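J.: Got a structure here, written out as structure tokens. Questions coming.
The values are calculated or read from the model by the stated rules, or taken from the named source; none is laboratory data. Note that the coordinates shown come from a computational prediction; the quantities given were computed from them, not determined experimentally. Counting neighbours? That spans all protein chains shown, and the Cβs are built from the backbone with ideal geometry, glycine included. Ligands, DNA and RNA are excluded from the accessible area calculation, which covers all protein heavy atoms including side chains. Shrake-Rupley method; radii C 1.70, N 1.55, O 1.52, S 1.80 Å.
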Amino acid sequence: MELKITCIPGDGIGPEIVTEAKKVLDAVAEKYGHDMQYTDILMGGASIDVHGVPLTDEAVETAKSADAVLMGSIGGDTTTSPWYKLPPNLRPEAGLLGIRKALNLFANLRPAVLYEELAQACPLKQEISGNGFDMLIMRELTGGLYFGERKTVEENGVRKAVDTLTYDENEIRRIAVKGFDIARKRRKKVTSVDKANVLDSSRLWRAVVEEVAKDYPDVTLEHMLVDNCAMQLVKDPTQFDVILTENMFGDILSDEASMVTGSIGMLASASLNDTRFGLYEPSHGSAPDIAGKDMANPIATILSASMMLRYSFDLDKEADAIDSAVKQVLRDGYRTGDIMSEGCEKVGCKKMGDLIVERIK
Ligand code: NAD
């Protein structure tokens with residue numbers, strides 16, 4: 001299969017971790033007979049330095065012409081970098097918002113996986129975290145409270161602010177379909193999270209999710225109120241497979257879920273549109289404090305590349321090969337600094353990539 005991938009190395013540790021992810025993809029391509037073609041584009045600070053803006057129209061066009069986008073991370077030290085003296089619409093993060101909008105990426109997927117080997121990083125008690133857990137938060141990314149009408153007014157000398165939470169049934173249906181499709185590739189359970197005891201938008205959410213569920217009789221659907229879900233994530237995270245939820249709830253719950261894994265350098269993510277196209281990136285930032293020192297953990301980006309194979313290209317066997325190579329490296333006792341523990345061997349970014357490649361070949 002011929003795969004056209006646009007890469008955004010970005011800033012900070014971005015170029016280092018993307019290099020390792022490409023190495024792993026090349027190993028998969030060689031083993032399974034695929035042809036990966038990469039085109040790099042500039043975004044974030046790297047684009048500001050060359051073009052004066054964080055994202056050019058040409059870069060967007062290149063991304064659109066690919067089958068998927070693999071990104072490192074963008075941004076610099078927000079207190080010292082000259083990029084943050086620019087107006088907000090010219091700062092690195094504006095590039096990310098711009099590309100998400102241009103590519104219509106409405107579905108955000110963030111797996112939160114606690115590997116047995118990294119159990120000591122989990123802030124939960126061992127009887128709660130069990131033998132590890134593996135859930136995926138599917139968050140609606142382009143609607144709801146963050147995109148509704150907002151205003152601040154003064155009435156009779158009293159300041160008043162209004163934010164509006166709006167969803168139409170089409171917005172809910174398309175994210176629900178994605179959630180059920182992805183549950184089918186996993187353990188076939190969807191937990192739809194809302195606040196249907198209070199909010200009309202949540203009652204519509206629940207009704208539409210139930211309609212969509214009828215097309216997926218093999219997937220179990222349960223509903224959970226968002227406040228209960230926040231508790232359940234720390235009480236019994238092993239119960240979850242796919243958590244399907246709206247924008248603001250997903251924003252909060254996905255951060256909570258990633259914190260309970262305790263390892264930011266391990267967490268992948270994907271943002272998808274209504275075709276098979278997606279942008280794949282680690283959940284962490286550009287870590288300027290360790291950039292260029294061969295200290296970054298490349299695993300979140302490597303697992304993002306695995307998600308790309310699974311969700312944009314339907315190459316499950318190849319994605320499984322990456323996931324199990326990562327597990328094997330952890331089992332063999334190799335760790336980057338951020339996940340280091342006693343008795344393990346500490347390795348750099350490049351070496352971690354090499355070890356994963358060795359286990360794929
Ligand atoms: P960060 O995630 O970059 O770093 C937080 C801490 O985690 C740092 O100590 C860092 O060294 C460590 N860390 C992060 N990723 C790591 C990895 N792969 N291996 C080892 N250690 C790792 O968050 P921050 O410091 O708040 O942000 C730095 C910059 O990244 C900012 O400009 C911010 O805006 C940007 N950012 C970008 C994205 C993105 O590109 N999607 C996301 C979040 C933050």
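J.: Take the Cα coordinates of the chain, assign each an equal point scatterer, and use the Debye formula without solvent to give log10 I(q)/I(0) at q = 0.06, 0.07, 0.10 Å⁻¹.
T.: For the chain at q = 0.06, 0.07, 0.10 Å⁻¹, log10 I(q)/I(0) is -0.22, -0.30, -0.63.
J.: Count the lysine pairs in the range 103-214 whose Cα atoms sit under 23 Å apart, keeping only pairs 8 or more residues apart in sequence or on different chains.
T.: Pairs that pass both the separation and distance tests number 9.
J.: Counting Lys and Arg as +1 and Asp and Glu as -1, each charge on the Cβ, what is the dipole of the chain about the Cα centre in debye, to the nearest 20?
T.: 220 debye
J.: Also, I was wondering about something else. If I take the Cα coordinates of the range 123-260 and project them onto the principal axes, what are the three extents in Å, biggest first?
T.: 58, 38, 23
J.: Could you derive backbone 3J(HN,Hα) for the range 285-298 from the dihedral phi with the Karplus parameters 6.51, -1.76 and 1.60 (θ = phi - 60°), listing whole Hz in sequence and x where the residue is Gly or Pro?
T.: Once θ is set to phi - 60°, the couplings for the range 285-298 become x, 8, 6, x, 5, 10, 5, x, 10, 6, 10, 6, 7, x Hz.
J.: Rg and Dmax of the range 242-357, using alpha carbons, in Å: what are they?
T.: Gyration radius and largest Cα-Cα distance of the range 242-357: 15.0, 46 Å.
J.: Please state the relative contact order of the chain as a whole percent: Cα pairs under 8 Å, 6+ residues apart?
T.: Computed value for the chain: 22 percent relative contact order.
J.: Taking the solvent-accessible surface of protein heavy atoms with a 1.4 Å probe, what is the per residue accessible area of the range 270-361 in Å²?
T.: Counting only protein heavy atoms, the per-residue value for the range 270-361 is 39 Å².
J.: Counting only residues 5 or more places away or on other chains, whose amide H sits under 5 Å from the amide H of A112 once H atoms are built in the peptide plane?
T.: M135, L136, I137
J.: Can you send over the carbon and sulfur percentage of the accessible area for the chain, probe radius 1.4 Å, protein chains only?
T.: For the chain, the apolar C and S fraction of the accessible surface comes to 51 percent.
J.: Where only protein heavy atoms count, and the probe is 1.4 Å, what is the accessible area per residue for the range 123-260 in Å²?
T.: With all protein chains present, the range 123-260 gives 51 Å² per residue.
J.: Compute the length gained on full extension between K350 and M231: take 0.36 nm times their separation in residues and subtract their Cα-Cα distance, giving the result in nm to one decimal. Can you show the working numbers first?
T.: Numbers: separation 119, 0.36 × 119 = 42.84 nm, distance 3.85 nm.
Extra length available between K350 and M231 comes to 39.0 nm.
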